[in-house]
Amino acid sequence: MKKYVLGVDIGGTKTATGIISTGGRLERKLVVPTLADMGLDRSLDQVYRAVEGLLKGSRIDMKKIEGIGVCAPGPLDPFKGIVHNPPNLPGWKDVPLVSLIRKKFRKRTKLENDANAAGMAEVIWGAARGYKHVFYVTVSTGIGTAIIINGRIFHGKNGMAGEAGHATINYDGEDAECNCGNTGCIEALASGSYTVKRLLKKLKKNPGIKTDIIDTAGGEADKVTMATLGKAARKGDKLALETISEQGRLLGIWLGSMINILDPEIIVIGGGVSLLGNLLFGEIRRSLLSHTINIYAAKTPVVRAKLKKDVGIFGAASIFM
Ligand SMILES: [Zn+2]
């Protein structure tokens with residue numbers, strides 16, 4: 001009998017739900033706004049509505065659904081199924097999400113943080129298929145990571161492991177205050193939003209620098225994103241090329257340490273920033289080799305994630321695979 005898993009990806013802006021066959025086919029999906037700023041009750045209701053709507057619109061027998069996998073932003077407790085207090089879900093404080101969803105839909109339910117879930121999805125259906133020891137990174141607004149050892153997510157004692165985005169690279173760095181309260185985390189040095197922030201600051205300080213970056217963003221500095229930088233860099237813009245290469249260098253320094261610690265079989269990089277492709281990956285590979293003592297590092301593939309748009313739904317579903 002064909003089996004399915006229901007995946008629920010709760011984000012600060014939208015909640016995406018989908019039914020995925022164990023073979024990895026997204027059979028149906030439904031996305032709703034999370035309405036996070038309206039507080040816990042309203043946003044939780046949106047989650048329920050999305051799942052109800054998804055089930056209603058699908059012809060799949062509820063009995064064929066193995067369970068409901070939920071991924072949400074951390075901090076959360078994957079063992080107890082509790083979402084603690086994610087900054088982008090205001091009002092969510094110690095919410096027993098697994099027991100709430102299990103009661104409502106009478107299905108086995110599991111919870112995982114979004115980076116771990118995305119990493120697992122890459123192992124099951126994506127770029128890390130066939131690998132057992134995987135370091136997964138998602139670089140977008142922040143930097144999330146997943147450590148997968150022997151095909152399983154490494155959770156640590158309290159379920160809080162794998163926060164390598166907050167490894168300190170430059171503890172007294174200027175302009176390197178991280179959202180977490182620490183200074184010099186790799187997230188605060190090389191995530192998409194921090195990279196753009198620092199670039200804009202540099203431009204403000206040195207208005208004489210010749211660059212098409214602002215024009216590429218339609219003339220408005222606050223519309224500059226990593227995608228803008230990619231576009232300008234492909235046209236040969238020197239500042240855009242320098243900025244991306246600096247970001248790659250920093251990520252490489254950090255990944256060199258990660259290879260020292262984990263000796264992974266493969267490193268998979270996802271998130272919006274990974275779309276920069278070789279502009280970024282070339283520099284990452286170069287830089288990590290001069291920051292590792294692992295003599296096999298040159299043979300460790302550093303590849304782009306395969307799952308893109310629906311990675312959150314696949315990630316949530318992967319918790320059940
Ligand atoms: Zn941090």
Let's test this: bin the Cα-Cα distances of the chain at 20 Å from zero up to the farthest pair and state each bin's percent.
32, 56, 13, 0
For Lys204 and Lys132, calculate 0.36 nm times their separation in residues minus their Cα-Cα distance, and state this gained length in nm to one decimal.
21.3 nm
In sequence order, calculated HN-Hα J values of the range 10-26 (Karplus, 6.51, -1.76, 1.60; Hz; x Gly/Pro):
8, x, x, 9, 9, 10, 10, 10, x, 9, 10, 6, 4, x, x, 9, 7
Relative to the first principal axis of the alpha-carbon coordinates of the chain, what is the inclination of helix 238-262, with its axis defined by its Cα atoms, in degrees from 0 to 90 and to the nearest 10?
60
Solution diffusion estimate, µm²/s, Stokes-Einstein, the range 127-304, Kirkwood Rh from C-alpha pairs, 10 °C, viscosity 1.306 mPa s:
95
Quick calc, Lys56 & Thr22: beta-carbon distance into FRET formula, R0 25 Å, rounding 0.05, result 0.65
Quick one: helix 40-57 against the long Cα principal axis of the chain, what's the angle to the nearest 10°, folded into 0 to 90?
70
Once you put a point 7 Å from the Cα of Arg152 and another 7 Å from the Cα of Tyr48, both along the Cβ direction, what distance in nm separates them?
3.4
Net charge around Ser245, counting only other residues with Cβ within less than 15 Å of its Cβ (Lys, Arg = +1; Asp, Glu = -1)?
+3
When the expected Rg is taken as 2.2 N^0.38 Å, what fraction or multiple of it is the alpha-carbon Rg of the range 24-160?
1.09
Would you mind checking the pairs Lys2/Lys107; Lys80/Lys103; Lys202/Lys231; Lys29/Lys110; Lys2/Lys309 and listing those with alpha carbons more than 22 angstrom apart?
Lys2/Lys309
Hey, what angle do you get for helix 192-205 against the long axis of the chain, alpha-carbon based, 0 to 90 degrees rounded to 10?
30
Environment charge at Leu279 (Cβ cut-off 15 Å; Lys +1, Arg +1, Asp -1, Glu -1)
+4
Label-point separation in nm, Asn88 to Arg108, each point 7 Å along Cα→Cβ
3.0
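Quick note: the coordinates plus some simple rules give every number you see, no bench work behind them. These numbers were taken from a predicted model, which means no experiment stands behind them. Glycine also receives a Cβ, built like all others from the backbone with ideal geometry; neighbour counts cover every protein chain displayed.
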